[in-house]
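Trainee: Have a look at the structure that comes next, please.
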Amino acid sequence: MEGRSSGIEGKLEDGGFKTLDSEEISHLALDIGVNDNWTVDDKGLKSPKGDSPLRVSCCNPNYSILNGRIHFAKFETSKINECLEFIRSKKIISAGYWHHEAPVSDKNVIKATGGGAYKFADLFKDNLGLSLDKEDEMDCLVGGANFLLKAVHHEAFTYTDGQKEYVQIDHNDLYPYLLVNIGSGVSMIKVDGDDKFERVSGTNVGGGTFWGLGRLLTKCKSFDELLELSHRGNNRVIDMLVGDIYGGLDYSKIGLASTTIASSFGKAISENKELEDYRPEDVSRSLLRMISNNVGQIAYLNALRFGLKRIFFGGFFIRSHAYTMDTISVAVNFWSKGEAKAMFLRHEGFLGALGAFISHEKNNYDGLKVHQLVERVQTSASNSGDKIQSSLAVDSNDSGNIGAVSIQLSRLSC
């Protein structure tokens with residue numbers, strides 16, 4: 001998708017594009033955590049690798065409202081003023097909706113979810129005159145996941161040994177499933193249907209743990225820098241393996257290969273080394289493996305507990321990072337003895353934002369369906385500076401246009 005300086009580009013019926021003026025952008029939705037921020041961008045906007053523009057149609061004749069694209073992009077919370085200036089400069093402040101029950105001074109309302117919808121409410125009000133209509137975080141998370149799994153043909157995929165394989169989801173057999181959302185911490189949600197779910201478990205060891213410890217141990221300045229560092233590392237330099245305990249041999253009696261990690265960071269106990277003696281690349285690799293292994297294990301045990309056949313992993317910790325997905329997949333495969341597979345979502349970091357977007361009470365998105373997919377099979381997120389961008393194209397038989405802004409502060413960057 002090509003960006004234009006004067007507006008956001010939308011798709012025409014003939015397959016071409018036009019720039020949407022600010023008055024054509026009808027919705028603004030926010031998913032706000034604490035430390036990471038998502039919004040639409042129209043300056044050279046590119047889809048992340050592994051993500052492709054999708055055309056969607058609204059099948060409900062009573063709500064034929066959509067024509068255009070939904071766009072997502074990232075701002076870090078430390079640069080939230082840049083996000084506010086972006087919204088102001090692009091003249092998309094009016095992309096909320098008018099709440100008939102609100103005071104005259106609060107008529108310009110936008111949907112928002114996440115803890116930051118409370119924390120930053122005054123900031124948006126004072127700087128942009130926008131009031132935040134707060135939606136429940138879990139409702140939006142599940143709503144976004146359900147929408148994507150039912151509407152997007154190639155949304156879910158498995159990832160093993162560098163191979164990405166899309167999974168065909170039977171809409172009549174979608175529920176129940178386990179949704180594992182990995183943000184600062186991890187929530188594990190048993191989803192039984194539309195608006196039917198329960199948070200059944202979770203762990204405080206998640207993306208925030210990886211980023212917090214990684215920042216202290218490696219001096220990295222950003223989450224993406226830490227991920228990139230891990231790509232070049234070797235965890236076996238620091239992790240104690242089964243083979244290190246058994247003289248290079250497997251522990252065959254209980255099914256442990258010599259390469260199985262017996263203790264994350266375990267070699268640091270027996271070696272006469274200080275932190276400075278280890279490469280930051282190896283430290284970050286070991287840390288990423290430790291977090292991902294544990295999330296995969298806990299997720300499978302909860303799926304086993306409730307007899308769930310499908311486990312979907314989302315949240316911005318994953319970021320389509322190959323090693324992260326592969327480690328989670330190996331953990332699920334190991335603990336399930338090959339009976340279960342981890343599945344990932346192409347729009348993994350946008351579940352809450354999309355859930356907030358489709359919660360607009362004046363619109364009904366129940367009939368929204370994908371009717372065309374342009375596929376690009378790639379595997380890792382594409383980063384451009386501080387921003388990561390993505391888009392969904394939507395249309396209907398109505399001539400109106402829609403542009404969406406979604407902001408997500410996912411507590412993974414400082």
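The values are calculated or read from the model by the stated rules, or taken from the named source; none is laboratory data. This one's a predicted model, so the numbers in the text were calculated from it and none came from an experiment. Here the Cβ positions follow ideal geometry from the backbone for every residue, glycine too, while neighbour counts run over all protein chains shown. For accessibility, only protein heavy atoms count, side chains too; no ligands or nucleic acids. Shrake-Rupley method; radii C 1.70, N 1.55, O 1.52, S 1.80 Å.
Trainee: Mind grabbing the accessible area of HIS153 for me, 1.4 Å probe, Å², rounded to tens?
Mentor: Probe radius 1.4 Å; accessible area of HIS153 about 90 Å².
Trainee: Using only Cα atoms, what Kirkwood radius does region 185-283 have, in angstroms?
Mentor: 16.1
Trainee: So, one more: Multiply the residue separation of LYS309 and ASN204 by 0.36 nm, subtract the distance between their alpha-carbon atoms, and state the gained length in nm to one decimal.
Mentor: Result: 35.4 nm gained on full extension.
Trainee: Report LYS196's accessible area, 1.4 Å probe, all protein chains in place, as a number in Å² to the nearest 10.
Mentor: That residue has around 120 Å² of solvent-accessible surface.
Trainee: Moving on. May I ask which of LYS111/LYS221; LYS125/LYS221; LYS221/LYS267; LYS150/LYS196; LYS111/LYS309 have a Cα-Cα span longer than 22 Å here?
Mentor: In this structure, LYS111/LYS221; LYS125/LYS221; LYS221/LYS267; LYS111/LYS309 exceed 22 Å between Cα atoms.
Trainee: Given points 7 Å out from each Cα along the Cα-Cβ axis, report the HIS153 to SER263 separation in nanometres with one decimal.
Mentor: Modelled inter-label distance: 5.2 nm.
Trainee: Another question, then. Could you order the peptides 223-229, 340-346 from most to least packed, using the average number of other C-beta atoms within 10 Å per residue?
Mentor: Packing proxy ranking, top to bottom: 340-346, 223-229.
Trainee: Calculate the length of the line joining the C-alpha centroid of region 274-312 to that of region 325-347, in whole Å.
Mentor: 11
Trainee: Relative to the compact-globule scaling 2.2 N^0.38 Å, provide the ratio for the alpha-carbon radius of gyration of region 119-246.
Mentor: 1.42
Trainee: Figure the gain on full extension for GLU271 and ASN81 (residue separation times 0.36 nm, minus the Cα-Cα span) and round it to one decimal in nm.
Mentor: Taking 0.36 nm per residue and subtracting the Cα distance, the gain is 63.8 nm.
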